[in-house]
1. For region A:57-110, would you read off the P(r) tail past 16 Å as a percentage of all alpha carbon pairs?
2. In Å, the Kirkwood hydrodynamic radius of region A:10-93 over pairs of distinct alpha carbons?
3. Nearest 5 percent is fine: what portion of the DSSP beta bridges confined to region A:222-294 is antiparallel?
4. What's the magnitude of the charge dipole for region A:91-209 around its Cα centre, counting Lys and Arg as +1 and Asp and Glu as -1 at the beta-carbon? Answer in Debye, nearest 20.
5. Which residue, B:A73, B:L100, B:Q83, has the largest displacement toward the positive end of the dipole of region B:52-151 when charges sit on each Cβ (Lys, Arg +1; Asp, Glu -1)?
6. Between B:D314 and A:E230, with labels modelled 7 Å along Cα→Cβ, what's the label distance in nm to one decimal, could you check?
7. Whole-Hz ³J(HN,Hα) for each residue in region A:242-257, computed from phi via Karplus 6.51 cos²θ - 1.76 cosθ + 1.60 with θ = phi - 60°, x for glycine and proline: what do you get?
8. In nm, what is the difference between 0.36 nm times the number of residues separating B:R75 and B:T109 and their Cα-Cα distance?
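FYI, it's all coordinate maths here, none of it is from the lab. If you're wondering where the values come from, they're calculated on a predicted model, not measured in any experiment. Cβ placement follows ideal geometry from the backbone for every residue including glycine, while neighbour counts extend to all protein chains displayed.
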Amino acid sequence: MLELEGLTRRYGSVTALDGLSFNVPEGTMYGFVGPNGSGKTTAMRIVLGVLEPDSGAVRWRGAPIDAAGRRRFGYMPEERGLYPKMRVADQLAYMARLHGFEAAAAGASADRLIERLGLSERGDARVEELSLGNQQRVQLGAALAHEPELLVLDEPFSGLDPDGVDVLASVLRERVDAGVAVVFSSHQLELVERLCDAVAIIARGHLVASGSVAELRDREARRVLRVEVEGAPGGWADGIDGVLGVEHDGDALLVGLTESADDQLVLEAARRAGRVRHFGPVRATLAEVFRETVAP
Amino acid sequence: MNPRGAIALVARREIVERGRQRSFVVSTVVTLVIIALVAVLPGVIGGGGPERYRVGVVGEASPPVAEAATAAAKRFEVEIEPQRVADRAAAERALEADDLDAAIIDGRTLLSRDSPPDELEQALQAGAQRAGSVSVLRERGLSPTAIERALSPPALATRTLEEAGAGDERRFVALAAVLLLYVQLLTYGLWVAAGVVEEKASRVVEILLAAIRPRELLAGKVIGLGLLGLAQLLLVVAVGAGLALASGTLEVEASALSTIGVVLLWFPLGYALYASMYAAAGALVSRQEDLQSSSGPLTLIVIASYLVSFQAIDDPSGGLARIASLVPFTAPLVQPVRLVTGEGSLVSALAAVAIIAITTLVIVRVAATIYERAVLRTGKPVRLREALRGPDGS
């Protein structure tokens, strides 16, 4: 498990991270979302040791991380980076070697990845000769070359075509199934919802929500009910204790509740008003959860 | 992986990738061609043997003069080809027609169209003196052996207080050595800076630094390019020296060969000093376009050192050369000059090595600190003072 605990980091007068904590279990695809400038990149750089935190700690499998431990991590920075004039296969093998692979193993790993990432024809091409989408595949390869235990990917899906997204997602899922902890940031929340097992949402440098995607959606769901009552007079839900407002949605009524409201009061009112055809929470999309939680 | 392993990996990549680049291959070939021309041409053109003169010989008294002059000609670095001419009028016609360069008339007159070349006249005058002396001594009844002994006393053996310089040759070697060192220091220093900027501009540095320490990356880059530079220098010097010796531009001389070792020794020292500064200059900027302004001052120092070393070739024992041979930035270029010209001393060389080594250690530390603090900062150039002051950058 990767543990971030109370990470704080300031740049001059700007506080990028303000006591950020969350855990990423192994064998989990973990989404890391937050508005621009909320501190995602800073947090990832600290995990990889590229930056030092002002305070707080990062632990992997219960122990502080040293240089040797970090070599078993894979990293794809937000600012993509490869040697433009180096050949793809050489580049991947070089990355594997920098992370401690022997020459032969590094070459084999590079060949496997080139095949898996759909770059078979391009192994001898210089990186600068590739399309941007293919460069991104090589970039992922650079993070995977040494078969890391933890993968930290900053916006890995941005700029990929749907085919590229599918390849990348399936490669990541393979790693997760093999027990690797994968954490990636993204602004594409539908993608995060679809791919991730769990999510951390941060805003202004600290955690505002975390948990499995289902948990998060349910948490918001407790606050909006969808009720369908046959033959009910208009305004039947007005004045119920804890109801913030109502909204028509076809034949149904969406009822917004305060945090402490009792949804059973709404049910009783509905039964008094008519025949209840449907009564249940509305599951929010991750995007809605996100908007709710990060709103200042 | 230990630091040494990381440094070796980075160095290996630098050598392989740079060695593959067309710019490297082309520059090596061009340097070799230039060196080959410089090494061979003087032997082929300039040293094409002594000038040859055709000298007409008129009258019975002239042949002894011509013979003596021909024998003496070598001392004056000319060759004389005597030709019998029937009379003065025939000699004049031949001179007019440029078939003769000069003529000796009756052993008494040196006739030429305009004033004869100095060395030819000197050779002919010497011949006339000798022929005159021989005839006087013979009239006095001396035997030919006695005459020979009287006219060819053993020459004075020459000894100098300072080591005798095969002046021009040493100058030539010093010039070539300084030029090579200068080009190599400048080229490889700039390559280090450009390599650092390449990693920053392409942002690959962030991935690298997630795997290895900044100092390892810096050391690997400097060492890798340095080894490549040394290998190129070895190749150029070996080819240049080999051709120069083979073509006769340089006479085989132990000192000329030891010079090669001297040049090779000063490259790593000067390179370590300059390359670490160039690396820091590269780390301060994020784009190749900005590199010129941050590395400009360094390049000026290299060029100034080159000019000082040129002056030192002209006056290797002068005050400037003495001081510059102990200043860390100029010493790598001036010390070889003083050693090649025989003005250097082991003490001075060792002192310079120590001074450069200490300066390099200090500069490597400072440069590594600048590099660590600036290498992840992208965008506008980092100011040197900011990088030195402390860690509050992103």
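1. On the way: 763 of 1431 pairs.
Distances greater than 16 Å cover 53 percent of the Cα pairs.
2. 15.1
3. Details: 16 of 16 bridges.
Approximately 100 percent, going by the DSSP bridge assignments.
4. On the way: 10 positive and 19 negative charges, 53 e Å.
Dipole of region A:91-209, to the nearest 20 debye: 260 debye.
5. After comparing all options, I get B:A73.
6. 11.3
7. Result, rounded to whole Hz: x, 8, 7, x, 10, 8, 7, 9, x, 7, 9, 10, 9, 10, x, 10.
8. Answer, rounded to one decimal: 10.1 nm.
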